[in-house]
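Trainee: Can you read through this structure? Questions will come right after.
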Amino acid sequence: MTIEANGQKCRCGNRGCWELYASEKALLDKTDDQNLHVLEEKAKKGDAEVLQRLHDIGVNIGIGLVTIINTFNPEKIIIGNRLARFEPWLNNGIHRSLDQRLPTQNRQSTSVIYSRLGHYSCAKGTASFAIHHFLHEHRVFM
Ligand SMILES: [Zn+2]
């Protein structure tokens, strides 16, 4: 999903892709630290540069979420994987974008929460959904 029309060149061949501005890779690309744990510790200590970077990532996550919410009108969005651990520092930026860019009715009908399943939470959630669907469809009872 493009969020920056004349943005950076992406490895997929497009320009300005959301992941370039709102992902773990985006968080690590513009810092000297190549480790999320180190960034988390710096955030906890109030490192101004890291906090600004996390806020910017949050704003960019929110910009992409606006498109998703306006397209699919989901009941809930779950921020997962390793970015979820940065909730205290991403949340204001995300909600700033949502508050500024979403129509009121869409803003009120979608909640944004953070996964507590840690790394691979998206894979775990998808597997759980598929297993639940299979068991329900085939009426398997345990
Ligand atoms: Zn791309």
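The values are calculated or read from the model by the stated rules, or taken from the named source; none is laboratory data. These figures come from a predicted structure and were not determined experimentally. No Cβ is skipped: glycine too gets one built from the backbone with ideal geometry, and neighbour counts run over all protein chains shown.
Trainee: Given (1) at pLDDT below 90; (2) of a type outside the set (A, V, I, L, M, F, W, C); (3) under 21 Å from GLN8 (Cβ atoms), where does HIS55 come up short, assuming only one miss?
Mentor: Unmet for HIS55, out of (1) at pLDDT below 90; (2) of a type outside the set (A, V, I, L, M, F, W, C); (3) under 21 Å from GLN8 (Cβ atoms): (1).
Trainee: Follow-up question, since we're still on this one. Any residue at all in segment 73-82 that's small (Gly, Ala, Ser), over 25 Å from LYS124 (Cα atoms) and surrounded by 15 or more Cβ atoms within 10 Å (Cβ to Cβ)?
Mentor: Narrowing segment 73-82 to residues small (Gly, Ala, Ser): 80.
After this cut, where a residue has to be over 25 Å from LYS124 (Cα atoms) as well, the list is none.
Scanning segment 73-82, I find no residue that is small (Gly, Ala, Ser), over 25 Å from LYS124 (Cα atoms) and surrounded by 15 or more Cβ atoms within 10 Å (Cβ to Cβ), so the answer is no.
Trainee: Follow-up question, since we're still on this one. Do you know which of the residues in segment 29-54 that are among the small types (Gly, Ala, Ser) and exposed (fewer than 14 other Cβ atoms within 10 Å of the Cβ) is farthest from the ligand (Cβ to nearest atom)?
Mentor: Initially, segment 29-54 is screened for residues among the small types (Gly, Ala, Ser), giving 43, 46, 48.
Now drop any that are not exposed (fewer than 14 other Cβ atoms within 10 Å of the Cβ), which leaves 46, 48.
Values: GLY46: 33, ALA48: 30 Å.
Step by step, filter segment 29-54, then rank; the result is GLY46.
Trainee: Please go through (1) within 16 Å of the ligand (Cβ to nearest atom); (2) in contact with an Asp or Glu (Cβ under 9 Å, 6 or more places away or on another chain); (3) at negative phi for THR2 and return the number of the only condition it doesn't satisfy.
Mentor: (2)
Trainee: Another question, then. Answer yes or no as to whether ARG96 is at pLDDT 95 or above and charged (D, E, K, R).
Mentor: Details: at pLDDT 95 or above: yes; charged (D, E, K, R): yes.
It is true that ARG96 is at pLDDT 95 or above and charged (D, E, K, R).
Trainee: To continue, here is another question. Checking LEU65 against (1) at pLDDT below 95; (2) away from the ligand (no atom under 16 Å from the Cβ): exactly one of these is not met. Which one?
Mentor: Of the numbered conditions (1) at pLDDT below 95; (2) away from the ligand (no atom under 16 Å from the Cβ), the odd one out for LEU65 is (1).
Trainee: Confirm whether GLU40 is over 28 Å from SER128 (Cβ atoms) and out of contact with any Asp or Glu (no Cβ under 8 Å at 6 or more places or on another chain).
Mentor: It is false that GLU40 is over 28 Å from SER128 (Cβ atoms) and out of contact with any Asp or Glu (no Cβ under 8 Å at 6 or more places or on another chain).
Trainee: Within segment 55-69, does at least one residue satisfy the condition of being surrounded by fewer than 16 Cβ atoms within 10 Å (Cβ to Cβ) and in contact with a strand residue (DSSP E or B) (Cβ under 8 Å, 6 or more places away or on another chain)?
Mentor: Taking segment 55-69 as the starting set, the residues that turn out to be surrounded by fewer than 16 Cβ atoms within 10 Å (Cβ to Cβ) are 67-68.
After this cut, where a residue has to be in contact with a strand residue (DSSP E or B) (Cβ under 8 Å, 6 or more places away or on another chain) as well, the list is 68.
There is at least one residue in segment 55-69 that is surrounded by fewer than 16 Cβ atoms within 10 Å (Cβ to Cβ) and in contact with a strand residue (DSSP E or B) (Cβ under 8 Å, 6 or more places away or on another chain).
Trainee: It is to be established whether one or more residues within segment 58-71 are within 19 Å of ARG116 (Cα to Cα), assigned to a strand (DSSP E or B) and under 17 Å from the mean Cα position of the chain (by Cα).
Mentor: Step one: filter segment 58-71 for residues within 19 Å of ARG116 (Cα to Cα), giving 58, 61.
Next, from what is left, pick out any that are assigned to a strand (DSSP E or B): none.
So far as segment 58-71 goes, no, none of its residues is within 19 Å of ARG116 (Cα to Cα), assigned to a strand (DSSP E or B) and under 17 Å from the mean Cα position of the chain (by Cα).
Trainee: Within segment 8-28, how many residues are within 9 Å of the ligand (Cβ to nearest atom), in contact with an Asp or Glu (Cβ under 8 Å, 6 or more places away or on another chain) and basic (Lys, Arg)?
Mentor: Number of matching residues: 1.
Trainee: Follow-up. Residues that are more than 20 Å from the chain's Cα centre (by Cα) and not β-branched (Val, Ile, Thr): find the helices (runs of 4 or more DSSP H) completely inside segment 77-142 holding 3 or more of those.
Mentor: 121-137
Trainee: Any residue in segment 4-18 that is within 16 Å of the chain's Cα centre (by Cα), at pLDDT 95 or above and in a helix (DSSP H, G or I)? Walk me through it before giving the result.
Mentor: Kept after step one, since they are within 16 Å of the chain's Cα centre (by Cα), are these residues of segment 4-18: 17-18.
Still in the list and also at pLDDT 95 or above: 17-18.
Filter again for in a helix (DSSP H, G or I), leaving 18.
Yes, there is a match, as at least one residue in segment 4-18 is within 16 Å of the chain's Cα centre (by Cα), at pLDDT 95 or above and in a helix (DSSP H, G or I).
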